[in-house]
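In what follows, a structure is listed as structure tokens, so that the remarks can point back to it.
The values are calculated or read from the model by the stated rules, or taken from the named source; none is laboratory data. As the structure is a computational prediction, the values presented were derived from the model and not from experiment. Neighbour counts are summed over all protein chains in view; Cβ atoms, including those assigned to glycine, are modelled from backbone coordinates with ideal geometry. Surface accessibility is based on the protein's heavy atoms, side chains included, excluding ligands, DNA and RNA. Shrake-Rupley method; radii C 1.70, N 1.55, O 1.52, S 1.80 Å.
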Amino acid sequence: MLRQGCEVSIKELDILLALLAKKKRKMEQEEAERNMQILLDFLNCLRKQKVEELNEVQMDLQFIKEDISSVERHRMDLCRARDRYSLKLRTAGDDSSARKPWPSLVDKNSSGPISSTYNIRGGMSSGNLQIKKLDGWGQVNSSGLQRKDAVSGSDSQHINQSGLAVVRKKRVHAQFNDLQECYLQKRRQLANQSYNPQERDKNVIHREGYNAGLADFQSVLSTFTRYSRLRVIAELRHGDLFHSANIVSSIEFDRDDELFATAGVSRRIKVFDFSSVVNEPADLHCPVVEMSTRSKLSCLSWNKFVKNHIASSDYEGIVTVWDVNTRQSVMEYEEHEKRAWSVDFSHTEPTRLVSGSDDCKVKVWCTNQEASVLNIDMKANICCVKYNPRSGNHIAVGSADHHIHYYDLRNVSQPLHVFSGHKKAVSYVKFLSNNELASASTDSTLRLWDVKENMPVRTFRGHTNEKNFVGLSVNSEYIACGSETNEVFVYHKEISKPVTWHRFGSPDLDDTEDEAASYFISAVCWKNESPTMLTANSQGTIKVLVLAA
């Protein structure tokens, strides 16, 4: 810098200005180079990303091209098989109509020995060989007429099938993005695996040349588009004249899906015969067994081995094992210090059950012992517990700390994994399989987890659940839950939006709209792997619903 008072000649100033100009140009060049390098890095990164995306898209397109070819080939096979079957039906119909019918089968007034030999079971009495032969022709004629009727009715059947196809296509387009993601995920994961008929899904017809990912997705698409609504096939009231509190907290099928039990704030366990409820119309179905309890009930669990044993948990923290045949308690466990929210019998150990409570404790019990055999102390209230269906050593615990804790009971010093993602308390946990775990929370979401890989799989949204226990039930394909809008929602495990839902109407005409809106679904239970479920709400209404097209 120039010091004040220092005399500088013009020449020296020119030299100094020239140096400053060079310095400026150098700095500008360096800045430009840096900016250019940043731009170049960005473009290279973008090109790499787009090339990867392009490769992925090209690979996806190749998968789609292969699958289209495979599906078209098998579709043509089906068309040819259908045409052959139709031709056989027409030929059989023509042949049978060309034959002269046997008088004894046509003429109502015939009364000879031939007609008398035709017995009540539709067969012929032994004795006359000629009559047997003619009767054989008569049987062909009869079946031929039936087949012609079937062929003549095929047009209307075809129209119905076409209508169903249109409806199923609409379901596909409504959830196209989720289905696209599902297809690409399965196709990429199983790109190099051919379809193994030994491991085929019951919903998929085995096709030679099918890729495993395509076969898996076909199963999803088939089950997802099969149903569009829930149909009511039976309804009953859980309450009685002497108890106004009718909230059904738990509803569960027994081991063989023959009986189901309900429990709630009415302090009663009621056991119903499912077949009677569905097949015998009645305004008030009576339970086949009813057992009174000291406290409000929160949860039920049938023993998976001993058909007549059922466990309950209640608001006083008592866990009870009942004998439905004798209507008496077999064991009572009173170690919990606060309300017990959940109880579950092991699927693999007949004498083991687990419970969880507001006292922040998980307890494992044995029906042969009076005291708990194992305790897990946690830091937050326990809302739900569930055994892994394939293991007597693994349990999932849903907690008010917003997490699911997955334990190996052989070492409970710390959980195998803690699943995080819910924003509020975890109210239910249920296993779809030994690796798939579903959870419900008062954050109005359901989540699916992989307990083998310890990772989240999918989040389901559509229902409303902010403060109540609204029920959760699963089978191998579908997840059902309640909503605080007094609706039942059904999700397919591969799709994040609901497949369908059903709203409970208020049976009491004098209920105001505000009162009706305050009701919520409080319990749901699938009937094993069938499309039938039991549902109950806070008003004490129980419905048997079935998924329908």
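Scanning the stretch 479-489 finds one or more residues that are in contact (Cβ under 8 Å) with a residue 60 or more places away in the chain and open to solvent by less than 40 Å² (accessible area, probe 1.4 Å).
What is the residue count in the stretch 261-311 for residues that are polar (S, T, N, Q) and under 25 Å from the mean Cα position of the chain (by Cα)? I'd like the intermediate steps shown before the answer.
Going through the stretch 261-311, the residues polar (S, T, N, Q) turn out to be 262, 266, 275-276, 279, 292-293, 295, 298, 301, 303, 308.
So of that shortlist, the ones also under 25 Å from the mean Cα position of the chain (by Cα) come out as 262, 275, 298, 301, 303.
So the count comes out to 5.
Does Glu332 meet the test of being open to solvent by 10 Å² or more (accessible area, probe 1.4 Å) and not in a strand (DSSP E or B)? Spell out how you get there, then give the answer.
Details: open to solvent by 10 Å² or more (accessible area, probe 1.4 Å): yes; not in a strand (DSSP E or B): no.
No, not satisfied.
Among the residues making up the stretch 1-50, those that are of a type in the set (Val, Ile, Thr) and either open to solvent by 80 Å² or more (accessible area, probe 1.4 Å) or modelled with pLDDT of 95 or more (or both) are Ile10, Ile15, Ile38. Confirm whether Lys452 is without any contact (Cβ under 8 Å) to a residue 60 or more places away in the chain and part of a strand (DSSP E or B). Against the criterion (without any contact (Cβ under 8 Å) to a residue 60 or more places away in the chain and part of a strand (DSSP E or B)), Lys452 does not qualify. In the stretch 252-270, the residues that are touching a residue at least 24 places away in the same chain (Cβ under 8 Å) and open to solvent by 40 Å² or more (accessible area, probe 1.4 Å) reach residues that are aromatic (Phe, Trp, Tyr) and assigned to a loop (DSSP other than H, G, I, E, B) with C-beta atoms within less than 9 angstrom, at least six apart or across chains, in these pairs: Arg255/Phe305.
Screening Asn393, Asn388 for residues that are under 29 Å from the mean Cα position of the chain (by Cα) and touching a residue at least 60 places away in the same chain (Cβ under 8 Å) leaves exactly one candidate, Asn388. When Tyr406, Tyr428 are checked against the criterion of being of a type in the set (Ser, Thr, Tyr) and in contact with a Ser or Thr (Cβ under 9 Å, 6 or more places away or on another chain), a single residue qualifies: Tyr428.
What is the residue count in the stretch 335-361 for residues that are open to solvent by less than 20 Å² (accessible area, probe 1.4 Å) and either among the charged types (D, E, K, R) or in a loop (DSSP other than H, G, I, E, B) (or both)? Give the derivation first.
Filtering the stretch 335-361 down to residues open to solvent by less than 20 Å² (accessible area, probe 1.4 Å) leaves 336, 340, 342-346, 353-357, 359.
Of the ones still in play, those that are also either among the charged types (D, E, K, R) or in a loop (DSSP other than H, G, I, E, B) (or both) are 336, 344, 346, 359.
Of the residues in that region, 4 qualify.
For the stretch 364-384, the set of residues classified as open to solvent by less than 10 Å² (accessible area, probe 1.4 Å) and either polar (S, T, N, Q) or farther than 13 Å from Asn303 by Cβ (or both) consists of Val364, Ile376, Ile382, Cys384, listed by residue number.
Name the single residue that is most open to solvent (accessible area, probe 1.4 Å) among those in the stretch 271-293 being aliphatic (A, V, I, L, M) and more than 23 Å from Val343 (Cβ to Cβ). Please lay out each step first, then the result.
From the stretch 271-293, those aliphatic (A, V, I, L, M) are 271, 277-278, 282, 284, 288-289, 291; that's our starting set.
Within this subset, residues satisfying the condition of being more than 23 Å from Val343 (Cβ to Cβ) are 277-278, 282, 284.
Working: Val277: 7, Val278: 44, Ala282: 48, Leu284: 109 Å².
Per the stated criteria, the residue is Leu284.
In a residue-by-residue description of the stretch 415-430, the property of being modelled with pLDDT of 95 or more, open to solvent by 20 Å² or more (accessible area, probe 1.4 Å), under 19 Å from Gly482 (Cα atoms) and not in a loop (DSSP other than H, G, I, E, B) applies to at least one position. Lys296 - would you say it is modelled with pLDDT of 95 or more, within 22 Å of Ser473 (Cα to Cα), surrounded by fewer than 21 Cβ atoms within 10 Å (Cβ to Cβ) and not hydrophobic (A, V, I, L, M, F, W, C)? So Lys296 passes the test.
Every listed requirement among (1) more than 13 Å from the chain's Cα centre (by Cα); (2) open to solvent by less than 40 Å² (accessible area, probe 1.4 Å); (3) free of Cβ contacts under 8 Å to residues at least 40 places away in the same chain is met by Asn411 save one, (2).
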